[in-house]
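Participant: Questions regarding the structure given below will be posed in turn.
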Amino acid sequence: MLNADDLRFFVAITQSSSLAAAARRLNVTPPAVTQRLRSLELRLGVQLVDRSTNSMTDEGELLAEQSRKIVDQIDEISELLAQRRGTVAGHLRISAPSGFGRTYIVPTIDRFLESHPEVRVTLELSDNPIGLKSDAWDVIIHIGELRPSPLQMIQLSPNRRLICASPAYLARHGTPQTPTDLLKHDCLGLRENDEDVTLWRFARADGSNETVRVNPLFWSNDGEAIRELAVRGKGIMLRSEWDVAGHIATGTLVEILQGWSAPDAPVVALLGPRNYRAARTRNFVDLLRQRLTPTPWRSP
């Protein structure tokens, strides 16, 4: 009554936030997903998804759990056979922050596919990749502080958070000397990883700490938008070193409060307990780490 395509279809549903999201993952229309799900339920004689709450029924949970196990086993067999042929194959699923993904992950995928033409890649760019369902991805690229997680973490590159503004803004409004001075300035807030956009924390080498609650003139979930407004002289921002190091080097942005440091935001890869065993995952993470060594935003 069930075949491998049915199991993969249902796994895609369980790994998506909605049927519409499952349709995007499967590259079909939402009505096609609804129709196929209804057909599957009719064949099995049970309801798998409660449409009113978009949640799994008990029967759906059972099918989801068993389907994931079987699909993983099928993928592992395919992976082992590919290794016997001396090739890297399969479907590699990557989630990454939007700006960093466009700048560093996409070029790495390009290089990876040149070396491994039998691999298919899905890339999801998000302002909160760690907030997505972790079992839907082989590799999650995360930047910033990390909450306790069962996922395996692999360090890729160091990355500081810098407080900076344009020379034009500082000429008009003056340069803050302490974090408290930021309360008198126009600030630009970036919302990412579900972090509090208004709470900026700083520390000094002598161990003293200071936290300020800014009232952003503008905030967004897109780092490029924040950076563009900062370069245009609209305010002060707290932003990852990878994104602003080039602007600081050319003088379009100026690092301020250099006696103070914000919490670091290292670049890491997060993997499920079995994901790193797959050759495609190992090879991609190794290639990405090579391309981030030495740290490109700290290189001349």
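Values quoted throughout were computed directly from the atomic coordinates according to the rules given, and no laboratory measurement underlies them. In this text the structure is predicted, and so the values were computed from the model without any measurement. FYI the Cβ positions are ideal-geometry reconstructions off the backbone, even for glycines, and counts take in every protein chain you see.
Participant: Once Rh for region 153-259 is found with the Kirkwood sum over Cα pairs, what is the Stokes-Einstein diffusion coefficient at 10 °C and 1.306 mPa s, in µm²/s?
Facilitator: Value of D from the Cα-based Kirkwood radius: 112 µm²/s.
Participant: Using only the alpha carbons, work out the radius of gyration and Dmax of region 1-91 in angstrom.
Facilitator: 14.5, 48
Participant: Are there GluC sites (Glu not before Pro) in region 25-124 that DSSP puts in a loop and that have at most 15 other Cβ atoms within 10 Å, and which ones?
Facilitator: Answer by residue number: 118.
Participant: To the nearest 20 debye, what charge dipole does region 1-89 have about its Cα centre, counting +1 at the Cβ of each Lys and Arg and -1 at the Cβ of each Asp and Glu?
Facilitator: Roughly 400 debye for region 1-89.
Participant: From the phi angles alone, apply the Karplus equation (6.51, -1.76, 1.60; θ = phi - 60°) to region 57-65 and give each ³J(HN,Hα) in whole Hz, x where the residue is Gly or Pro.
Facilitator: 6, 4, 5, x, 4, 5, 5, 4, 4
Participant: As a check on your grasp of the helix formula, calculate [θ] at 222 nm for the chain: sum -39500 (n - 2.57) over DSSP H runs of n ≥ 4, divide by the residue count, round to the nearest 500. It would help to have the intermediate numbers written out before the result.
Facilitator: On the way: 9 runs with 110 residues, N = 300.
For the chain, the value works out to -11500 deg cm²/dmol.
Participant: Tell me, what ³J(HN,Hα) does each residue in region 242-258 have, in order and in whole Hz, if you take phi through Karplus 6.51 cos²θ - 1.76 cosθ + 1.60 with θ = phi - 60° and put x for Gly and Pro?
Facilitator: For region 242-258, the Karplus curve yields 4, 8, 10, 4, x, 5, 5, 5, 8, x, 6, 10, 10, 6, 10, 6, 5 Hz.
Participant: For a quick check: with amide H placed at 1.01 Å from N, whose amide H comes under 5 Å from residue 126's, ignoring anything fewer than 5 positions away on the same chain?
Facilitator: 96, 98
Participant: Moving on. Using +1 at the C-beta of Lys and Arg and -1 at the C-beta of Asp and Glu, which of 271, 165, 39 has the Cα lying farthest in the positive direction of the dipole of the chain?
Facilitator: Positive-end residue among those listed: 165.
Participant: Considering every pair of different Cα atoms, what Kirkwood radius, in Å, is found for region 63-157?
Facilitator: Kirkwood radius, region 63-157: 15.0 Å.
Participant: Suppose each label sits 7 Å from its Cα in the direction of the beta carbon; what would the residue 221-residue 1 distance come out to in nanometres?
Facilitator: The modelled label-to-label distance comes out at 4.0 nm.
Participant: Convert each backbone phi in region 290-295 into a coupling constant with the Karplus relation 6.51 cos²θ - 1.76 cosθ + 1.60 (shift: θ = phi - 60°), then list the ³J(HN,Hα) values in order as whole Hz, x for Gly and Pro.
Facilitator: Karplus-based 3J(HN,Hα) across region 290-295 equals 4, 6, 9, 10, x, 4 Hz.
Participant: Would you list the P(r) distribution for the chain, with all Cα-Cα distances sorted into 20 Å bins from 0 and each bin expressed as a whole %?
Facilitator: Bins of 20 Å from zero give 29, 48, 22, 1 percent of pairs.
Participant: Rank 296, 225, 23 by how far each Cα sits towards the positive end of the charge dipole of the chain (+1 on Lys, Arg Cβ; -1 on Asp, Glu Cβ) and give me just the farthest.
Facilitator: Working it through, the farthest residue towards the positive pole turns out to be 296.
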